[in-house]
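Okay, so here's the structure we're looking at.
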Amino acid sequence: MNWRLGSLYNERVLPRMVDAMCANAEMLPWREKAISGLEGVIVEIGFGSGANASVYPAEVTRVFAVEPSQQALRLAEPKLAAERTARSAAGVEYPMIEQVGLTGESLPLGTNSCDGALSTFTLCTIPDVVAALHELRRVIKPGGRFHFLEHGLSPDAPIAKWQRRLDPLQGALAGGCHLTREMPELLEAAGFQIESLTSRYARGPKPWTWFSIGKAINPS
Ligand SMILES: C[S@@+](CC[C@H](N)C(=O)[O-])C[C@H]1O[C@@H](n2cnc3c(N)ncnc32)[C@H](O)[C@@H]1O
C-alpha cells in the first residue's frame, strides 16, 4: 500500500470496519459486564465510534474520551445523541462526554483526576501500551479501578502459534492491532492489581477471540 492509500484506508475505511465488527449487538453483553461498576469521572482510551454509548452506568457522570480517529468520533455522534435523548425521556442522567486527547500514551489530564478508566479492545492497538498503562495509573485516583475488555494471546500453544504468524498481517490491516499481547501480565507489570478477571474464547475464530474481561485496581 502506498502512503496515500494507506492513510485513506486508516482514516476512512478502518473506522467503519471497526464500527461494524466491534459495535454490534452480540458484543453488548460483554461491554455491559466490562463497564458495570464504574462511577463518577472516567477516562476511556480508544473511545472509537462510541460502541459503549448505550452501556455507561447511570453512576458515571463524565467521560473523558481519548481517540485519535476523527472519523470514528464522527461515527459516535449520532449514537451518543440517540442515547442521550432516550435516557432523558426516561428521566435518567447521561454522562457529559468530551474528547480530551488523541493518544493513551499522553493524557492531558491531571494526576489523580479520574475515579476510574475504561478500555475496550484498545490495549491491543496502542503502539506504546506500557506508556499508556502508566498514564492511566497516573490519572486514576489511588484505589480507583481500570475496567477492561480486550482480546489477547491465547494460552493454547497451537492458537498462540497462529496468532504470532498472523500478527504482522493483523497489524497492517487493522490499524496496528496485535493478536499477541498478554493483557493481565501487562497490567500487572504496570503496577495494577487485578481484582477480577475472566478469560475465555468468544464466538468466532480463536486467534481473534481470546477475550479478557476484568477490573484492576490502581494501588497508589
Ligand atoms: C479496535 S478499536 C476499539 C474501539 C472501541 N474502544 C470499541 O470498543 O469498539 C481501537 C481504537 O483505538 C484507537 N487508537 C489507536 N491508537 C491509539 C492510541 N495511541 N491511543 C488511544 N487510542 C488509540 C483507534 O483509533 C480505535 O478507535
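Only the coordinates and a few stated rules stand behind these numbers; no lab work does. Given the structure is predicted, the values throughout are model-derived calculations rather than measurements. FYI the Cβ positions are ideal-geometry reconstructions off the backbone, even for glycines, and counts take in every protein chain you see.
Which order results if Phe47, Phe211 are arranged by neighbouring Cβ count within 10 Å, fewest first? Could the numbers behind the result be given before it?
Details: Phe47 27, Phe211 20.
Starting with the residue having the fewest Cβ neighbours, the order is Phe211, Phe47.
Going by how many other beta carbons lie within 10 Å of each one, how would you line up Thr122, Thr209, Thr111, fewest first? Before the final figure, lay out each step's value.
Numbers: Thr122 22, Thr209 14, Thr111 10.
Fewest-to-most ranking of Thr122, Thr209, Thr111: Thr111, Thr209, Thr122.
Using all alpha carbons of the range 3-217, what is the percent of pairwise distances in each 10 Å bin, ordered from the shortest bin to the longest?
Taking every Cα pair in the range 3-217, the percentages come to 8, 35, 39, 16, 2, 0.
For a footprinting-style exposure proxy, rank Cys22, Cys177 by other Cβ within 10 Å, fewest first.
Details: Cys22 14, Cys177 20.
So the ranking, lowest neighbour count to highest, is Cys22, Cys177.
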